[in-house]
Amino acid sequence: MKNKIFFLCMITVLTVLFCVTPALAGRAEKLAALEQRITSYTLNPEYKDEIYALAVVKIALESIREGSGGIGACLVDSTTGEIVEYGRNRQFSPHFRSDFHAEMDLLNKYEDRVKKMNDPDNYNNPRECKNLVLVTSVEPCPMCLTRIINSGIKTVLYVVEDREGGMATCLNSLPPFWKEFAEDREFRLADCSAELRQIAMDLFDFSSRSFAKNRVKK
Ligand SMILES: [Zn+2]
C-alpha cells in the first residue's frame, strides 16, 4: 500500500515538473516577448489611430498579468485627442466578475465619474456622448456592444475582429430595438499597422474560451 501511495506521489510530482512547469515557463516567455514587442513599438504616422491602438494593447497586457483576459479599452475625446478613461478585462481579479469585460469596466468608470443626470426639462440627456470615441483591442462581444449602444457612444473602433464572439460585425443579427438604436453608430476597425493588430490578437489568444466547448452540458 505504502509503495502504491509513494508511486502515485511520484507520478504527480513528475507530471507537475514535466507538464505544468514548462507550460508556465512558456507562458511567461511568451508574455515577456509580447511586452518587448509593445515597449519597442514605434508609432507609424501613416495610421491615424495608432496611438490609441498602442494604448489599448498596453492595458490588455496588464489584464493578463493580473490573471484576466487580454483585452484593453480607452475612451477618447475626439476634439482634443486626449484619452479620458481606460478600462481593462478584470473578470478574474481580484475575484470573478462575469460583467467585467474591458468595455464594461471603462463605461462603469466613466459613468460613475461623470454622473450624468436624466433631466429632460433642462434638455439633459445622459446618453449625450458628443465627441467620445471608444477604442478597444478586440471587437466587442454581444454584452458589451449592447451596453455601448445604451451608453450613447456613437463611434467604436476595434483593433482586431473577433470572428468567434464579436457582435459589431453582426449588427444585422441584433433584436429589432437594438438594431434601430444602433443605426446612427459607427463600428469599425481602428486605422493601425498590421503589427499592432497582430499584438492585439496575440494578447487576446491568452484568453481561453475552451470552457464553453468543453463544459459538461446538463
Ligand atoms: Zn465584452
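The values are calculated or read from the model by the stated rules, or taken from the named source; none is laboratory data. Keep in mind it's a predicted model, so treat the numbers as computed, not measured. Here the Cβ is made from the backbone with ideal geometry for all residues, glycine too, and neighbour counts use every protein chain on show.
Is it the case that E46 is in a strand (DSSP E or B) and modelled with pLDDT of 95 or more? Judged against the criteria, E46 is not a match.
Is it the case, given these coordinates, that D184 is in contact (Cβ under 8 Å) with a residue 24 or more places away in the chain and charged (D, E, K, R)? It is true that D184 is in contact (Cβ under 8 Å) with a residue 24 or more places away in the chain and charged (D, E, K, R).
Evaluating E139 against the criteria (1) closer than 27 Å to P175 by Cα; (2) surrounded by fewer than 14 Cβ atoms within 10 Å (Cβ to Cβ) leaves one unmet condition, (2). Is there a residue being within 16 Å of the ligand (Cβ to nearest atom), crowded, with 22+ Cβ neighbours inside 10 Å and of a type in the set (V, I, T) anywhere in the range 46-63? Yes, some residue in the range 46-63 is within 16 Å of the ligand (Cβ to nearest atom), crowded, with 22+ Cβ neighbours inside 10 Å and of a type in the set (V, I, T).
Residues in the range 71-80 that are surrounded by 20 or more Cβ atoms within 10 Å (Cβ to Cβ) and assigned to a loop (DSSP other than H, G, I, E, B): I71 alone. From (1) surrounded by fewer than 14 Cβ atoms within 10 Å (Cβ to Cβ); (2) charged (D, E, K, R); (3) more than 16 Å from the ligand (Cβ to nearest atom), pick out the condition that doesn't hold for D99. All conditions are met except number (3). The set of residues from the range 50-73 being in contact with a helix residue (DSSP H, G or I) (Cβ under 9 Å, 6 or more places away or on another chain) and farther than 15 Å from R90 by Cβ comprises E50, A53, L54, V57, K58.
In summary, V156 fulfils each of the numbered conditions (1) closer than 20 Å to Y110 by Cβ; (2) at pLDDT 95 or above; (3) away from the ligand (no atom under 14 Å from the Cβ) with the single exception of condition (3).
Within the range 111-136, no residue satisfies the criterion of being more than 16 Å from the ligand (Cβ to nearest atom), on the phi < 0 side of the Ramachandran plot and in contact with an Asp or Glu (Cβ under 6 Å, 6 or more places away or on another chain). Checking E186, E139, E161 one by one, the residue that is within 16 Å of the ligand (Cβ to nearest atom), at pLDDT 95 or above and closer than 24 Å to V84 by Cβ is E139 and no other. Taken over the range 191-218, residues that are modelled with pLDDT of 95 or more and outside any helix (DSSP H, G or I) amount to 3. Tallying residues that are buried (at least 16 other Cβ atoms within 10 Å of the Cβ) and closer than 25 Å to V56 by Cα within the range 170-197 yields 9.
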